[in-house]
Amino acid sequence: MAFMEFIPNLGRRTLRTVPNLGTASRFLLLSLFAVANRHFSIQQLLKQVYGFGVRSLLLMMVAAFFTGMVLGFQGYYALVRFGATSALGTLVALSLLRELGPVLTALLFAGRAGSALTAEISSMKATEQLSAMEMMAVNPLAWVVAPRLWAGIFVVPILCVIFDLVGIFGGYLISVPVLGVDGGTFWAQMQSNVAFSGDILTGLFKALCFGLVVTWIAAWQGYAAQPTAEGVGNATTISVVTASLAVLGLDFILTAFLFT
Amino acid sequence: MEKRAIDWWVGIFVLLGIAALVVLALRVGNLSGFAYNEGYVLHADFSNVGSLKPRSPVKLGGVTIGEVTHIGMDPKTFMAKVTMRIEPKVKLPTDTGASIYTEGLLGEQYVSIQPGGMPQDLQPGGTITMTQSAVNIDQLIGQMVFSKASGK
Amino acid sequence: MAADALVELENVHFARGPHTVLDGVGLRITQGAIVSIMGASGGGKTTLLNLMAGTLAPQAGRIRVAGQDLQTLNFGDLYRLRRRMGMLFQHSALFTDFSVFENVAFPLRRHFRLDESVLRKLVLMKLEAVGLRGAAGLMPAELSGGMGRRVALARAMVMDPMLIFYDEPFTGLDPISVGIIATLIRRLNDALGATSILVSHDVQETFSIADYGYILAGGKIIAEGTPDTLRASDSELARQFLGGKPDGPVPFHYPAKDDYATALTGVWAAGEAI
Ligand SMILES: Nc1ncnc2c1ncn2[C@@H]1O[C@H](COP(=O)(O)OP(=O)(O)OP(=O)(O)O)[C@@H](O)[C@H]1O
Ligand SMILES: [Mg+2]
């Protein structure tokens, strides 16, 4: 029975998604343009940059360091069979700059900041704080949503560039001092194969898109949540799952377009 | 959290981001390779360039002194024409040779420069005439297998 | 009722999905009055306040506040109008990440550029009025329910609004506070020349300060008048409500599909809507 219901359910869900996507897009645009509203506050924006960025920094750096070290190891064992360990620097750097940096940063960001954002906005809704704001003639999109959205867009590329650097450093530590790859070759190869705009900037552009999408999904899930304790919990879970899948899907599309 | 403290932390965070980007650009990316833009141009004709491509390094004694900027075909001689940019402070004699080597067995290919001993230097836009083409690994392996089979 | 009407509703209909909440409500609230709206729980009183504040839109009917039709008002004008309204929410709705002081200061900070000293004075005055000046530094999580409502009250009136909605201001308060808050509402209304709309179940306390009252039942206004006329009303509905009698024309139960006995004896499959 469950299986028989699966197909029509899927259809119904898809049909519901289309208007929802429309409302969510409206929400996104209204919030983005709310920077022009007089109730958009730079102080609030900075507070969010602090919350999203500064407080995720350590997590990102630890994750990046380990990712880089693992890349160093795995890359080494893959390349050493062909006597091509000289390409290890290139391998570590390109993997991080083009894929792992943006994607892992965005996934960690969705888990760390995105979920908190959804929980925050949805419980503000459940306790009528958003309605209270409207009653005081303060647009919640300008005061609550816009600073968080812009903070997400701003913070994720910065976290990503730090992730990239720490990751490459981790890869270097494993490759050169531990595995004995020649340090000069490691850097020289990397330098001659990594393009500033083609690899570094496009990677950061990816991160920017991910930042927008993750905070958008998180904020929207919070804003549209059922105003109950259960609704808050559900919204938080859905937010992390949807944001992570969206990052992976979008990564595929962006990769196909950007790196051809 | 104090307002001022947040401002400080955010400032530090942004600076960290900018610093990381600068380090990436200079140390990891080849933005430092900007220098080659000021370098002078040399040409070299090869009968076979293998998998050499634009931006492949040009090395002298293992040190990168420039990069390949363009690879074209001379329609009269049917030779591959490789254009390179060389650091201005490296002056090469007219009897300099150029070869295409591979780094490791499967590594990337690069142009290796063997400086000659003539007193005159190559002028910007000049051509290196003594060239040795890329080694074709397929051919090499084929020859080796063949000679082993017949040599015994 | 010769004075100007500040709020005017004509034949307002509002439904939540299939469930009709308001079914043709009309009322006129005169400038300067304290008007109470009473009715059964779930009867749509909060909904009615939200309609008057423009946070909900009716499916039919017209709502005019200060001479402006809320349905034709654009976003900016609606927000401008709301700056002159205050609302005490049924569940306080304090901002949980701000202290009591900042909660009350919030509307002032958002709408005016005031000197910190002036702002401090204004906020402390309102907090003093609700007896919570000493709690200015506390966070909302550290307040009791009743204290929270009083902070919310201070916040609702800090902008000195022309129209104040009180959604059940007395629930969760001890008898002393009820008396104090009731006189505060009256005093504030007269001092500011404001108009107050009061939703409450507390008939005695409400009638002691209200100038006029409406009783809402079944989505309609079933009785209106000054407290004295309402008390003397011969309407069975009004008497049932004011006297607190359980049976009568005002249903205590939310409408159900079948009667109670069938619901208890009947068998239903798991997951089926009751
Ligand atoms: N957000 C909502 N979604 C769906 N239905 C709602 C919502 N809010 C209220 N309702 C329904 O609208 C009706 C009126 O609700 P309202 O809150 O206006 O009642 P009330 O008169 O204020 O009751 P109380 O005295 O208990 O506060 C209720 O039957 C309720 O089920
Ligand atoms: Mg209510």
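The values are calculated or read from the model by the stated rules, or taken from the named source; none is laboratory data. This structure is a prediction, so every number in the text was calculated from the model and none was measured. Here the Cβ is made from the backbone with ideal geometry for all residues, glycine too, and neighbour counts use every protein chain on show. Side chains are part of the model used for accessible areas, which takes the heavy atoms of the whole protein and leaves out ligands, DNA and RNA. Shrake-Rupley method; radii C 1.70, N 1.55, O 1.52, S 1.80 Å.
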* To do: Could I have the simple spin-label model distance between C:Arg133 and B:Tyr101, label points 7 Å from Cα toward Cβ, reported in nm to one decimal?
  => 8.7 nm
* State, to one decimal in nm, how far the label point of C:Gln204 lies from the label point of C:Asp69, with both points 7 Å from Cα in the Cβ direction. => 4.6 nm
* Structure fact -> For the protein assembly as shown, the Cα-Cα pair-distance distribution in 10 Å bins from 0, as whole percents, is 3, 12, 17, 17, 14, 11, 8, 7, 6, 4, 2, 0, 0
* **Förster radius 30 Å - calculated FRET efficiency between A:Phe33 and A:Ser197, Cβ distance, rounded to 0.05** => 0.55
* Just read off the accessible area of A:Val166 with the full protein assembly in place, 1.4 Å probe, to the nearest 10 Å². => 30 Å²
* **Relative contact order (%) - criterion: Cα under 8 Å, at least six apart; region: region C:2-265** => 24 percent
* Accessible area in the full protein assembly, largest first, 1.4 Å probe, for A:Arg98, C:Arg16 -> C:Arg16, A:Arg98
* To do: Mind pulling the angle between the C-alpha long axis of helix C:100-111 and the longest principal axis of chain C? Nearest 10 degrees, somewhere in 0 to 90.
  => 80 degrees
* Please work out how much length the chain gains when fully extended from A:Val178 to A:Arg16, using 0.36 nm per residue of separation minus the C-alpha to C-alpha distance, in nm with one decimal. => 52.9 nm
* Structure fact -> Long-range amide H partners of C:Gly24, meaning residues 5 or more apart or on another chain whose placed amide H is closer than 5 Å, are C:Val12, C:His13, C:Phe14
* Could you pull out the pairs from A:Lys125/A:Lys206; C:Lys220/C:Lys257; B:Lys53/B:Lys89; B:Lys53/B:Lys76; B:Lys53/B:Lys91; B:Lys59/B:Lys81 whose alpha carbons sit more than 27 Å apart here? => A:Lys125/A:Lys206
* So which residue, out of A:Val18, A:Val194, A:Val145, gets the largest mean-square fluctuation from a GNM of chain A using Cα contacts under 10 Å as springs? -> A:Val18
* Once phi is turned into ³J(HN,Hα) by the Karplus curve 6.51 cos²θ - 1.76 cosθ + 1.60 with θ = phi - 60°, what whole-Hz value does each residue of region A:177-192 show in order, with x for glycine and proline? -> x, 8, 8, x, 6, 5, x, x, 5, 3, 6, 5, 4, 4, 4, 7
* To do: Considering only protein heavy atoms, with the full assembly of protein chains and a 1.4 angstrom probe, order B:His43, A:His39 by accessible area, largest first.
  => B:His43, A:His39
* Structure fact -> Given a Förster distance of 45 Å, the FRET efficiency implied by the Cβ-Cβ spacing of C:Ser41 and C:His111, rounded to the nearest 0.05, works out to 0.85
* Structure fact -> Heavy-atom accessible surface buried between A and B, both sides counted, 1.4 angstrom probe, nearest 100 Å², is 2700 Å²
* Structure fact -> Heavy-atom accessible area with a 1.4 angstrom probe orders A:Phe257, C:Phe98, most exposed first, as A:Phe257, C:Phe98
* To do: Roll a 1.4 Å probe over the protein heavy atoms and report the accessible area of C:Ser200 in Å², nearest 10.
  => 0 Å²
* To the nearest 0.05, how large is the calculated FRET efficiency for B:Gln123 and B:Asp74 if R₀ is 25 Å and r is the Cβ-Cβ distance? -> 0.80
* How big is region A:56-257 by Rg and Dmax over its Cα atoms, in Å? -> 20.1, 70
* Using alpha-carbon coordinates, inclination of helix A:229-258 to the longest axis of chain A, degrees -> 40 degrees
* Structure fact -> Asserting the computed 222 nm helical MRE of the protein assembly as shown (DSSP H runs at least 4 long, -39500 (n - 2.57) per run, divided by residue count, to nearest 500) equals -15500 deg cm²/dmol
* To do: Can you send over the carbon and sulfur percentage of the accessible area for chain C, probe radius 1.4 Å, protein chains only?
  => 55 percent
* With all protein chains modelled, accessible area of A:Tyr77 [1.4 Å, Å²] -> 120 Å²
* Spin-label proximity, C:Thr55 to region C:69-100 - amide N less than 17 Å from point 7 Å beyond Cα toward beta carbon -> C:78-97
* **Hypothetical label at C:Asp228: residues of region C:34-58 whose amide nitrogen lies under 18 Å (7 Å Cα-Cβ projection)** => C:34-36
* **Modelled label reach - C:Asp4, point 7 Å along Cα→Cβ, region C:53-89 residues with backbone N closer than 20 Å** => C:53-54, C:63-74, C:77-86
* Asked: Angle, helix C:145-157 long axis vs. longest principal axis of chain C, Cα atoms, 0 to 90°, nearest 10?
  -> 70 degrees
* **Other protein chain Cβ atoms within 10 Å, averaged over every residue that makes up B:2-9** => 3
* According to a simple spin-label model (label point 7 Å from Cα along Cα-to-Cβ), what is the distance in nm between C:Asn11 and C:Ile176? -> 5.2 nm
* Work out the mean other chain Cβ neighbour count within 10 Å for the residues of C:45-54 and drop it here as an integer. => 1
